[in-house]
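Working notes, beginning with the structure itself.
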Amino acid sequence: MENVSVVIPSYKSEKLISRTILSIINTGVLSNNIFVIEDGVFDNTVDVLKTLTGINHISYKKNKGAPYARNLGLSKVKTKYVMFIDSDDFVSQSLISGLVESAEKDNADITFGPWRLDGDSIPQGKLRQPPNLTADDWVLHWINKECVPTCSVLWKTEKVREIGGWNEKLKKNQDGEIAVRGLINTNNLSISTQGYSTYWQHNSEIRVSNANIKDRLYASDLVYNHIFNWINKYKKLSKYRAKLGRYCCKVAWHAQSENEESLSYIWLERANDLGYTSKGYNRKTTFISNLFGFRYAVIIYPKILMLLK
């Protein structure tokens with residue numbers, strides 16, 4: 001496949017990056033369209049890359065974060081399509097060709113494909129097929145129900161450049177923020193059913209999921225503003241107000257669970273202003289908050305989940 005490039009941000013990835021690259025090559029992507037951006041030189045990743053001919057390798061000494069690395073890789077891409085695959089994730093043989101086929105058929109700016117969860121200390125997850133929704137519906141589906149990891153997302157290169165690339169200020173939810181920004185700026189979305197990617201979870205102190213609550217709330221606020229401004233811009237989108245309110249309620253629960261009480265109530269006010277009056281974001285949390293009130297419900301909810309296991 002000559003029309004696809006893959007950008008791989010790399011940070012201390014010597015143990016897994018070979019698996020990632022070989023899986024991409026096995027799909028038919030040309031080696032000279034694979035860009036490994038080593039985000040700080042801290043291990044022997046370069047020695048691993050020397051065994052893989054034709055790969056583009058860019059490195060710099062200071063760690064600048066995955067969004068910077070992805071944007072640097074994006075600046076080198078010359079193909080019609082681009083994917084951003086992390087250095088511990090990998091893909092099945094038919095994933096990328098399926099994504100491209102679907103994108104070509106629908107003239108899509110963004111294409112989602114199947115994926116599964118796996119990792120060091122978790123059982124292999126079931127295959128997840130993204131539902132066939134419109135781009136508008138996917139915005140709210142993404143923030144309230146399910147996302148698609150970046151290893152199963154194909155972008156039209158000109159579209160990801162048009163929306164400004166990756167936000168380099170973010171330490172959390174980088175893929176969610178760019179996906180939302182992309183979805184609210186296109187009507188051309190496609191869904192592939194071929195192949196799958198494996199979204200790999202591993203025990204590491206450097207995982208983005210370990211970002212502190214301030215970073216998480218900053219990302220949530222950015223996503224909220226993207227969607228809020230988008231909804232207010234078009235009258236037909238007013239039907240999504242309550243769904244955005246549900247998202248605000250969920251963020252409020254997260255803030256409260258991290259003892260950010262004042263911020264949690266700001267998020268609840270946002271939810272209420274959008275017409276979402278429940279103090280829970282799903283059936284279980286709504287039931288518990290109705291019984292015990294919001295503050296105490298947040299405290300006891302994790303304990304109830306543990307008892308039900």
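FYI, it's all coordinate maths here, none of it is from the lab. From a predicted model like this one, the values you see are computed outputs, not experimental measurements. Please note: Cβ atoms are built from the backbone with ideal geometry, for glycine as well, and neighbour counts cover all protein chains shown.
Quick notes on this one:
- Dipole magnitude of the range 5-146 about its Cα centre (Cβ charges: Lys, Arg +1; Asp, Glu -1), debye to nearest 20: 340
- Selection from G54, S75, S31 lying farthest towards where the dipole of the chain points positive, charges on Cβ: S75
- Here the 3J(HN,Hα) profile of the range 72-82, calculated from phi with Karplus coefficients 6.51, -1.76 and 1.60 at θ = phi - 60°, is 5, x, 4, 5, 9, 6, 10, 8, 5, 10, 9 Hz, Gly and Pro shown as x.
- In terms of its alpha-carbon gyration tensor, the range 4-209 comes out rounded; the largest-to-smallest axis ratio a/c stays below the 1.5 threshold.
- Computed lengthening from K233 to E258, 0.36 nm per intervening residue step minus Cα-Cα distance: 5.7 nm
- Filtered GluC sites (Glu not before Pro), the range 161-253: DSSP coil and at most 10 other beta carbons within 10 Å: E205
- Each Lys or Arg adds one and each Asp or Glu subtracts one; over the other residues with Cβ under 13 Å from the Cβ of K15, this totals -3.
- For K236, the lysines whose Cα falls under 28 Å of its own Cα, not counting residues fewer than eight places away in the same chain, are K105, K145, K156, K159, K250, K279.
- Local electrostatic count, S238, Cβ distance below 14 Å [Lys/Arg +1, Asp/Glu -1]: +4
- According to the Cα-based calculation, Rg over Rh for the range 124-194 is 0.94, with Rh computed by the Kirkwood formula.
- The GNM of the chain, with springs linking C-alpha atoms under 10 angstrom apart, assigns the highest mean-square fluctuation among F292, F112, F90 to F292.
- Here's how it looks for N56: its modeled amide H is under 5 Å from those of I34, V36, which are all 5 or more places away or on a different chain.
- Length gained on full extension, L22 to E2: 5.5 nm, using 0.36 nm per residue less the C-alpha separation.
- Shape call, the range 9-88: gyration tensor on alpha carbons, a/c limit 1.5: oblate
- Within a Gaussian network of the chain (alpha carbon springs, distance under 10 Å), most fluctuating of T150, T286, T27: T286
- Cα centroid separation, the range 221-243 to the range 148-166 (Å): 21
- Sparsely packed loop sites in the range 72-102 (the trypsin sites (Lys or Arg not before Pro) outside DSSP H, G, I, E and B with at most 11 other Cβ atoms within 10 Å) comprise K78.
- In units of the compact-protein estimate 2.2 N^0.38 Å, the range 71-154 shows a Cα radius of gyration of 1.17.
- Taking the Cα centre of the chain as origin and assigning +1 to Lys and Arg Cβ atoms and -1 to Asp and Glu Cβ atoms, the resulting dipole is close to 840 debye.
- Selection from A103, V153, T286 lying farthest towards where the dipole of the chain points positive, charges on Cβ: T286
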